[in-house]
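Colleague: If you scroll down you'll find the structure; I have some questions about it.
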Amino acid sequence: MTEAQVFDFLRQGLWVAVLISTPLLAVALVVGVAIGLFQALTSVQEMTLTFVPKAAAMMAVFWVSMSFMTSTLVSFFTDTIIPQIAGS
C-alpha cells in the first residue's frame with residue numbers, strides 16, 4: 001500500500017464522517033439559534049431551556065437519519081476498506 005492510497009482512504013473516511021455528522025450538527029445549530037433568539041427576546045435565562053430541546057431534537061434526527069448513517073458507513077467499508085484488506 002502506497003502513501004497516496006493511505007491518504008486517499010483517510011480523505012474518504014473523513015468525508016464519510018462529515019456526511020454522517022451533518023444532520024445532527026445542523027439540527028443542533030438551528031435549534032440552538034432558535035432557543036437563543038427566544039431567550040434574548042423573552043429574557044428567560046434557564047439552562048434546561050437550552051439543553052432539553054436541543055437534546056430531544058438531536059435524538060429525533062438521529063432516529064430518523066440512522067438508516068442513512070448506517071448505509072453510508074457500510075458502503076464505505078464494503079466498497080473501500082474491505083477490498084483493500086482482502087487484496088493485500
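Colleague: With every protein chain left in place, what is the accessible area per residue of the chain in square angstrom, probe 1.4 Å? Please list the in-between numbers first.
Modeller: Details: 6410 Å² over 88 residues.
Ligands and nucleic acids excluded, the figure is 73 Å² per residue.
Colleague: When a/c reaches 1.5 or more, the comparison of a/b and b/c decides; with that in mind, is segment 10-57 rounded, prolate or oblate per its Cα gyration tensor? Intermediate values should be presented prior to the final figure.
Modeller: Details: a/c = 4.41, a/b = 3.20, b/c = 1.38.
Judged from the Cα gyration tensor, segment 10-57 comes out prolate (a/c at least 1.5, a/b above b/c).
Colleague: Also, quick follow-up: Indicate the gyration tensor shape class of the chain (rounded, prolate or oblate), computed on the Cα atoms with a ≥ b ≥ c the square roots of the eigenvalues: a/c under 1.5 is rounded; otherwise a/b larger than b/c is prolate and the rest oblate.
Modeller: Numbers: a/c = 5.25, a/b = 2.90, b/c = 1.81.
Prolate shape, in that a/c is at least 1.5 and a/b is the bigger ratio.
Colleague: Among Ser43, Ser67, Ser75, which one shows the biggest mean-square fluctuation in a GNM of the chain, springs joining Cα atoms closer than 10 Å?
Modeller: Checking each option, the largest mean-square fluctuation is seen for Ser43.
Colleague: Can you list the HN-Hα couplings for segment 3-10, worked out from phi with the Karplus curve (6.51, -1.76, 1.60; θ = phi - 60°), rounded to whole Hz and with x for Gly and Pro?
Modeller: 5, 5, 5, 4, 5, 5, 5, 5
Colleague: Using a 10 angstrom cutoff on alpha carbons, build the Gaussian network for the chain and name the most mobile of Val16, Val30, Val44.
Modeller: Maximum fluctuation in the GNM of the chain, among the listed residues, is at Val44.
Colleague: A further question follows. Given the options Thr22, Thr42, Thr50, which has the most mean-square fluctuation in a GNM of the chain, springs set between C-alpha atoms less than 10 angstrom apart?
Modeller: Thr42
Colleague: Another one. With a 1.4 Å probe and all protein chains left in place, how much of the accessible area of the chain comes from carbon and sulfur atoms, in whole percent?
Modeller: Details: 4940 of 6410 Å².
Within the chain, the accessible surface is 77 percent carbon and sulfur.
Colleague: Pairs of alpha-carbon atoms within less than 8 angstrom and 6+ residues apart define the contacts here; what relative contact order does the chain have, in percent? All intermediate terms of the calculation are to be shown ahead of the outcome.
Modeller: Values: 30 pairs, mean separation 36.5, N = 88.
Over the chain, the number comes to 42 percent.
Colleague: Using only Cα atoms, find the angle between the long axis of helix 47-76 and the longest principal axis of the chain, and express it within 0 to 90 degrees, rounded to the nearest 10.
Modeller: Here the helix axis deviates by roughly 20 degrees.
Colleague: Now for a separate question. Using helices alone, what [θ] at 222 nm do you get for the chain, with -39,500 (n - 2.57) per DSSP H run of 4 or more residues, divided over all residues and rounded to the nearest 500? Don't skip to the end; give the middle numbers.
Modeller: Details: 3 runs with 76 residues, N = 88.
Value at 222 nm, helices only: -30500 deg cm²/dmol.
The values are calculated or read from the model by the stated rules, or taken from the named source; none is laboratory data. Small disclaimer: the values here were computed from a predicted structure and weren't measured. SASA here: full protein model, heavy atoms, side chains in, ligands and nucleic acids out. Shrake-Rupley method; radii C 1.70, N 1.55, O 1.52, S 1.80 Å.
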